[in-house]
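Some notes on the structure that comes next.
Read-outs throughout are calculated quantities, based only on the coordinates presented, and are distinct from any laboratory measurement. Small disclaimer: the values here were computed from a predicted structure and weren't measured. Methodologically, a virtual Cβ is constructed for each residue, glycine included, from the backbone with ideal geometry; neighbour enumeration extends over all protein chains shown.
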Amino acid sequence: MTKAVIIYGGNSNQSRLKGILDKVEHFFGKEGFSSDTIYVHELPADDLIKANFKSEAIIEANAKVESAQVVVVLTPVYKAAYTGILKTYLDLLPQKGLEGKTVLPLVLGGSFGHLLVIDYALKPVLSALGATDILSGAYVLDTQIEYTENNQYLISSEADERLDRVLNTVKEKAKRHS
Ligand SMILES: Cc1cc2nc3c(=O)[nH]c(=O)nc-3n(C[C@H](O)[C@H](O)[C@H](O)COP(=O)(O)O)c2cc1C
């Protein structure tokens, strides 16, 4: 069974980013992956800020990344880059912590003007962590996700199709490697 881990780099669960997370988790469930989510904002803030490599919570999170073949990095755009909290966690991964993994970057932004965050900001960090199989990823606009009454998120059909496309690429790769 392919193992996936999703690194959630937002600062709250009350975010349209959660709409993308729900979709990715649902996709992995449907396709028979086992999947785990690391909510960076729920890790101990003191350990993140002080780069405490000995933190039990960080060691536990890193073990999830280590055992996964697929890593989804999910972040909103903050100040033309990924979030600072995401970086505090990525800094605590081992030096080549993403080596040999298929990595999928998924970004939520307020403007298409920052579409290149994936290529100019996120990918260099992922590649410094040893990732060589980094998929092109997807950039979704916040206006393409709507919060509905029953604590659900509705993704516009255009964004939904783009997400399906990149997730299907992950599925095809996993099939080839199994
Ligand atoms: C501190 C902060 C900085 C942001 N900077 C940018 C930015 O530079 N470019 C951009 O496209 N969106 C930016 N945004 C918008 C967010 O990426 C987008 O609205 C958010 O991911 C939607 O999530 P929400 O449902 O939590 O509001 C910023 C939002 C915040 C809170």
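Segment 110-178 to segment 1-79: how many Å between their Cα centroids?
If you average the Cα positions of each part, the centres end up 14 Å apart.
What is the sum of charges, Lys and Arg at +1 and Asp and Glu at -1, for the other residues whose Cβ falls under 14 Å from the Cβ of residue 150?
Values: positive: 18; negative: 22, 146, 149.
Here the charged neighbours net out to -2.
Which residue fluctuates the most in the chain, going by a Gaussian network model with Cα springs under 10 Å, if the choices are 132, 148, 83?
Top of the fluctuation ranking is 148.
A 20 angstrom limit on the alpha carbon distance is what I want to check against. Which of 18/96; 18/54; 3/101; 101/171; 3/30 exceed it?
Long pairs (Cα-Cα over 20 Å): 18/96; 18/54.
Under 8 Å for C-alpha pairs, at least 6 residues apart: give me the relative contact order for segment 1-153, rounded to a whole percent.
With pairs under 8 Å counted, the relative contact order is 26 percent.
Going by how many other Cβ atoms sit within 10 Å of their own, how do 139, 153, 89 line up, fewest first? Don't jump to the answer; show the numbers that get you there.
Values: 139 20, 153 17, 89 23.
Ranked by crowding around the Cβ, least crowded first: 153, 139, 89.
I'd like the Karplus ³J(HN,Hα) series for segment 92-102: coefficients 6.51, -1.76, 1.60, θ = phi - 60°, whole numbers in Hz, and an x wherever there's a Gly or Pro.
9, 6, x, 3, 10, x, 10, 4, x, 9, 8
Lys and Arg at +1, Asp and Glu at -1: add these up for the other residues within a Cβ distance under 15 Å of residue 78 and post the number.
Numbers: positive: 16, 79, 87; negative: 142.
Overall, the nearby charge balance is +2.
Determine the shape class of the chain: with a ≥ b ≥ c the square roots of the Cα gyration tensor eigenvalues, call it rounded for a/c under 1.5, and otherwise prolate if a/b is greater than b/c, oblate otherwise.
Details: a/c = 1.42, a/b = 1.16, b/c = 1.22.
Here the chain falls in the rounded category.
Of 26, 114, 41, which has the largest mean-square fluctuation in a 10 Å C-alpha GNM of the chain?
Maximum fluctuation in the GNM of the chain, among the listed residues, is at 26.
Rounded to the nearest 500 deg cm²/dmol, what is the calculated helix-only ellipticity per residue at 222 nm for the chain, with -39500 (n - 2.57) per DSSP H run of length n ≥ 4?
Numbers: 6 runs with 65 residues, N = 178.
It lands at -11000 deg cm²/dmol.
Comparing 145, 134, 49, which has the greatest mean-square fluctuation in the GNM of the chain with Cα pairs linked when under 10 Å apart?
Result for the chain, Cα springs under 10 Å: 49 fluctuates most.
Using the Cα centre of segment 3-177 as the reference point, and only Cβ charges (+1 on K/R, -1 on D/E), how large is the resulting charge dipole? Debye, rounded to the nearest 20.
Numbers: 19 positive and 22 negative charges, 98 e Å.
I would put it at about 480 debye.
Evaluate the charge dipole of segment 25-119 about its Cα centre and quote only its size in Debye, nearest 20, assuming +1 on the Cβ of each Lys and Arg and -1 on the Cβ of each Asp and Glu.
Values: 8 positive and 12 negative charges, 51 e Å.
Using Cβ point charges on Lys, Arg, Asp and Glu, segment 25-119 gives about 240 debye.
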